[in-house]
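Input: a single structure, listed below in structure tokens.
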Amino acid sequence: MPNEKRVAYVTGGSRGIGRAIVHALAGANCHVVAAARNAQTLEVVVAEEKSAGHSVEAQTVDIANAPALAASIEGVVAQHGRLDILVNNAGITRDGLFLRMEDKDFDDVIATNLKSAFVAARAAARSMIRARWGRIINIGSVSGIIGNAGQVNYSASKAGLIGLTKSMARELSGKQVTVNCVAPGFITTDMTEVLPPMIREKVLELIPLKRFGEPSDIAAMVAFLAGDAAAYVTGQVIAVDGGMSM
Ligand code: NAI
């Protein structure tokens, strides 16, 4: 028997933006699969969500390992008989000036941030096509829209996600499967915590709304796109950045 709830698969669901997305989708009555590398952190997420009355399970997977990622998603489809929502959220940075950037730092970022979205969507789409309903949401970045010094690898991966989003949206539109990209600005998470205070102050000056974003700001947009109310939105890049990229 297929799960009665809509099933969502969120990569990088253990912390930061992904953690907030897990919470928002579970709160919207989905059964959420939180996927990340660290089983212990995921256990805490599952316990917290269960105590909030939500339906969440964990998948331990390295999304840079394409066969493992595909197998994880195929396993979820087999177990629940459906997969309605895929959020490609997990991502990494390996910042550095491009003249000194090592090949490995370029390749790792592309594999984790960009190729994983292709692999995951390919594994997830069949079930959505069968159901004539589906949502694929890719987490991009303002760096993929306006670029950022020190991030040629990261910006390329996030700009790549925009092209992937639009092409995939065109291929899947006939089946009522929508594909969109949410591009966060500067959000307070472990990823941005490591930046020196001087850089943070400089960035703040570039944000018209004069504050850093919270993971819940991104999760609210993802929850909207994942729901029925967004049925007529596809192939879009939606910046949630306090006005930074306008
Ligand atoms: P974070 O570093 O706090 O969390 C990243 C999550 O991805 C973690 O759960 C981590 O376990 C998971 N992850 C990373 N590599 C993985 C792998 N190989 N396999 C499985 N899981 C993996 O990052 P944050 O800030 O929550 O970022 C989430 C997404 O939002 C990323 O795609 C990031 O590029 C994007 N973003 C973040 C911004 C920010 O200001 N924090 C700004 C723009 C985009």
Residue in region 192-217 that is nearest to residue 13 (Cα to Cα), counting only those that are assigned to a loop (DSSP other than H, G, I, E, B) and open to solvent by 70 Å² or more (accessible area, probe 1.4 Å): 214
Check on residue 193, within 14 Å of the ligand (Cβ to nearest atom) and free of Cβ contacts under 8 Å to residues at least 24 places away in the same chain: yes
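I'm trying to understand the selection: among the residues of region 77-122, which are among the aliphatic types (A, V, I, L, M), open to solvent by 20 Å² or more (accessible area, probe 1.4 Å) and within 16 Å of the chain's Cα centre (by Cα)?
Of the residues in region 77-122, the ones among the aliphatic types (A, V, I, L, M) are 77-78, 83, 85-87, 90, 92, 97, 99, 101, 109-111, 114, 117, 119-121.
Next cut, open to solvent by 20 Å² or more (accessible area, probe 1.4 Å) only: 77-78, 90, 92, 97, 99, 101, 110-111, 114.
90, 92, 110, 111, 114, listed by residue number.
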Sole residue being out of contact with any Cys (no Cβ under 6 Å at 6 or more places or on another chain), farther than 19 Å from residue 70 by Cα, open to solvent by 10 Å² or more (accessible area, probe 1.4 Å) and within 13 Å of the ligand (Cβ to nearest atom), chosen from 20, 28: 20
Region 125-159 - residue that is assigned to a loop (DSSP other than H, G, I, E, B) and not hydrophobic (A, V, I, L, M, F, W, C) and, of those, farthest from the ligand (Cβ to nearest atom): 132
Some residue of region 6-13 being open to solvent by 50 Å² or more (accessible area, probe 1.4 Å), under 13 Å from the mean Cα position of the chain (by Cα) and at pLDDT 95 or above: no
Positions within region 77-100 being of a type in the set (A, V, I, L, M, F, W, C) and either away from the ligand (no atom under 16 Å from the Cβ) or touching a strand residue (DSSP E or B) at 6+ places or on another chain (Cβ under 7 Å) (or both), in sequence order: 77, 78, 83, 85, 86, 87, 90, 97, 98, 99
Helices (runs of 4 or more DSSP H) within region 10-123 that include 1 or more residues touching a His at 6+ places or on another chain (Cβ under 9 Å): 16-27, 39-51, 66-80
Single residue of region 109-124 satisfying the filter (of a type outside the set (Gly, Ala, Ser), within 14 Å of residue 162 (Cα to Cα) and in contact with a Leu (Cβ under 9 Å, 6 or more places away or on another chain)) that is farthest from the ligand (Cβ to nearest atom): 118
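The values are calculated or read from the model by the stated rules, or taken from the named source; none is laboratory data. All of these numbers come straight from a predicted model, not from anything done at the bench. With ideal geometry, Cβ positions are generated from the backbone for all residues, glycine too; neighbour counts draw on all protein chains shown. All accessible areas refer to the heavy atoms of the entire protein, side chains included, with ligands and DNA or RNA removed. Shrake-Rupley method; radii C 1.70, N 1.55, O 1.52, S 1.80 Å.
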